[in-house]
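Peer 1: Sharing a structure, written as structure tokens. Questions coming.
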Amino acid sequence: MIRPATPEDIPTLADIWLRASRLAHDFIPAAFWESRYEAMARDHLPRAEVHVLEVEGRVIGFAALNDDHLEALFIDPDVQSYGHGSRLLAHAMAARTHLSLCVYSRNVRAVSFYRRLGFQPVEERVEPLTGESETLMTWDR
């Protein structure tokens, strides 16, 4: 079931974000992600439009949007590669005619995932907090 996030979901979502970020972005020191945890839980998630994916009563992933920009799409590392991310993204795409997102260019798996779902690269730029290259991608219905 996909549903809107509640304030009670935030600790679980922040935990998923941290564990999945460390796994998917091993080219960035884990300490960076750990240093961003409080801001994610306190500021970013509560201010976004967040949809959670719940399976058998357990929250296993989320999509966070800010207008037509996908800020975050994360699935619990224990249940990745089962189509959960595609399901969440399809839910977000069904509600909009345009979406944009930024993805670290070195996260080849994520770049390929978004391409498969119809996103096109628009621009390469440097993400200021990490100094890493990121790709701006867009999708239009």
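Peer 1: Select from region 126-136 the residues that are surrounded by 12 or more Cβ atoms within 10 Å (Cβ to Cβ) and not hydroxyl-bearing (Ser, Thr, Tyr) and write down the one among them that is farthest from PHE27 (Cα to Cα).
Peer 2: Across region 126-136, the extreme among qualifying residues is LEU136.
Each row is one residue, and each column tells you yes or no for (1) within 15 Å of the chain's Cα centre (by Cα); (2) under 14 Å from ILE10 (Cα atoms); (3) among the β-branched types (Val, Ile, Thr).
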{"residue": "VAL52", "(1), (2), (3)": "yes, yes, yes"}
{"residue": "VAL59", "(1), (2), (3)": "yes, yes, yes"}
{"residue": "SER86", "(1), (2), (3)": "yes, no, no"}
{"residue": "ARG116", "(1), (2), (3)": "no, no, no"}
{"residue": "VAL122", "(1), (2), (3)": "no, no, yes"}
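Peer 1: Quick check on my filter: what residues within region 118-141 are at pLDDT 95 or above and aliphatic (A, V, I, L, M)?
Peer 2: Scanning region 118-141 gives VAL122, VAL126, LEU136, MET137.
Peer 1: Okay, moving on. Look through region 83-113, keep the residues that are part of a loop (DSSP other than H, G, I, E, B) and under 15 Å from TRP139 (Cβ atoms), and return whichever of them is modelled with the lowest pLDDT.
Peer 2: ALA95
Peer 1: Suppose the filter is aliphatic (A, V, I, L, M), more than 18 Å from ALA92 (Cβ to Cβ), under 14 Å from the mean Cα position of the chain (by Cα) and surrounded by 12 or more Cβ atoms within 10 Å (Cβ to Cβ); does ALA30 pass it?
Peer 2: So ALA30 fails the test.
Peer 1: Among the residues of region 47-55, are any among the aliphatic types (A, V, I, L, M), part of a helix (DSSP H, G or I) and modelled with pLDDT of 95 or more?
Peer 2: Scanning region 47-55, I find no residue that is among the aliphatic types (A, V, I, L, M), part of a helix (DSSP H, G or I) and modelled with pLDDT of 95 or more, so the answer is no.
Peer 1: Also, quick follow-up: As an exercise: evaluate ARG106 against (1) more than 13 Å from the chain's Cα centre (by Cα); (2) loosely packed, with under 15 Cβ neighbours inside 10 Å and give the number of the one condition it does not meet.
Peer 2: (2)
Peer 1: Among the candidates LEU13, LEU18, which residue alone is farther than 19 Å from ASN107 by Cβ, assigned to a helix (DSSP H, G or I), modelled with pLDDT of 95 or more and within 12 Å of the chain's Cα centre (by Cα)?
Peer 2: Working: LEU18 fails: farther than 19 Å from ASN107 by Cβ.
Criteria check complete, one pass: LEU13.
Quick grid of which residues meet (1) touching a residue at least 24 places away in the same chain (Cβ under 8 Å); (2) touching a Phe, Trp or Tyr at 6+ places or on another chain (Cβ under 8 Å); (3) over 20 Å from ALA92 (Cα atoms); (4) surrounded by 14 or more Cβ atoms within 10 Å (Cβ to Cβ):
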position	(1), (2), (3), (4)
GLU8	no, no, yes, no
ASP15	no, no, yes, yes
ALA39	no, no, yes, no
HIS44	yes, no, no, yes
LEU70	yes, no, no, yes
ILE75	yes, no, no, yes
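The values are calculated or read from the model by the stated rules, or taken from the named source; none is laboratory data. Computed from a predicted structure; not experimentally measured. Here Cβ is always computed from backbone atoms with ideal geometry, including for glycine, and neighbour counts include all displayed protein chains.
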